[in-house]
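The structure appears right after this line, and notes come after that.
The values are calculated or read from the model by the stated rules, or taken from the named source; none is laboratory data. Given the structure is predicted, the values throughout are model-derived calculations rather than measurements. A quick note on method: Cβ atoms are made from the backbone with ideal geometry, for glycine too, and the neighbour counts reach across all protein chains shown. Keep in mind that these areas ignore ligands, DNA and RNA; they rest on the heavy atoms of the full protein, side chains included. Shrake-Rupley method; radii C 1.70, N 1.55, O 1.52, S 1.80 Å.
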Amino acid sequence: MYTLLLVDDEERMLDLLELYLVPNGYRCVKRRSGTEAVDYLRHHHADLVLLDVMMPEMNGWETCRRIRSFSDVPIMMVTARDETADIVQGLKIGADDYVTKPFDEAELLARIEAVLRRTAGSRSVIRAAGLVWDEQEHTVRYGETPIALTPKEFAILGLLLTHPNQVFSRGQIITSLWGALAETEERTIDSHMKNIREKLRRAGFPVDEHLQTVWGVGYKWKGQKP
């Protein structure tokens, strides 16, 4: 199930969007300001943001810019502003699509599906409880805090994040990442896990809630599927 973050200062519009989206299999999270939306994305995963432009305090343009400073989550502007200059501005600052109000329900759903389809395979980025693992850039961060991992630590974390709630034995981790003929000792995996935990903890990430040892078996990442 995809999670959509709906951002609009009008409660009525949030309810209307939710009314359209939930029956079509989407999970909706509603926020009434850009500040609330940014705070949510720093700590939670969303597959797509539907973002209003005309909001008090922090408008949609600035909200989009702030989101793009730490996340590449797809953003769809949903607004009554339909001037070409506004649409161009939205796309230039990082929006993936632009839908004008009033919108047709079928068109909105089709555009959402298209954006999700287009962005799904563009790069391997996994978000989990505010942690972002980016395969292409080979980076890990929590919020705006970068976390420096060695190549092996990065690969181990990626394996667990990609298969949440699946228990991996030390031997399975070695085979998955370095092949069946690798000469790596199983106790080396324990050392890598210790280092990963310490680095995530120093960044403020609640690592003990997610990276768990299954005694006598191995390790798992507790969380939702990416």
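Just so you know, in segment 173-215 the residues that are of a type in the set (Lys, Arg) and touching a Leu at 6+ places or on another chain (Cβ under 8 Å) include one that is nearest to residue 161 (Cα to Cα), and it is 197. Checked against (1) over 26 Å from residue 219 (Cβ atoms); (2) within 24 Å of the chain's Cα centre (by Cα), residue 100 passes all but condition (2).
Summed over segment 59-69, the residues that are touching a helix residue (DSSP H, G or I) at 6+ places or on another chain (Cβ under 8 Å) and open to solvent by 10 Å² or more (accessible area, probe 1.4 Å) give a count of 4. Within segment 35-57, restricting attention to residues that are more than 21 Å from residue 128 (Cα to Cα) and not acidic (Asp, Glu), the residue that is nearest to the chain's Cα centre (by Cα) is 51. Applying a threshold of 6 Å to beta carbon distances and a minimum spacing of six or more residues, or different chains, the list of pairs starting in segment 1-22 at a residue that is closer than 12 Å to residue 105 by Cα and ending at one that is at pLDDT 95 or above and of a type outside the set (S, T, N, Q) reads 17/6. Residue count for segment 150-200, restricted to those that are under 20 Å from residue 210 (Cβ atoms) and of a type in the set (Phe, Trp, Tyr): 2.
With the condition kept exactly as written, say whether any residue in segment 17-32 is open to solvent by less than 20 Å² (accessible area, probe 1.4 Å), modelled with pLDDT of 85 or more and farther than 20 Å from residue 224 by Cβ. Yes, segment 17-32 contains at least one residue that is open to solvent by less than 20 Å² (accessible area, probe 1.4 Å), modelled with pLDDT of 85 or more and farther than 20 Å from residue 224 by Cβ.
Scoring residue 142 on the criteria (1) touching a Pro at 6+ places or on another chain (Cβ under 8 Å); (2) farther than 30 Å from residue 13 by Cα leaves a single failure, condition (1). A count restricted to segment 33-58 and to residues that are in contact (Cβ under 8 Å) with a residue 60 or more places away in the chain and open to solvent by 10 Å² or more (accessible area, probe 1.4 Å) stands at 5.
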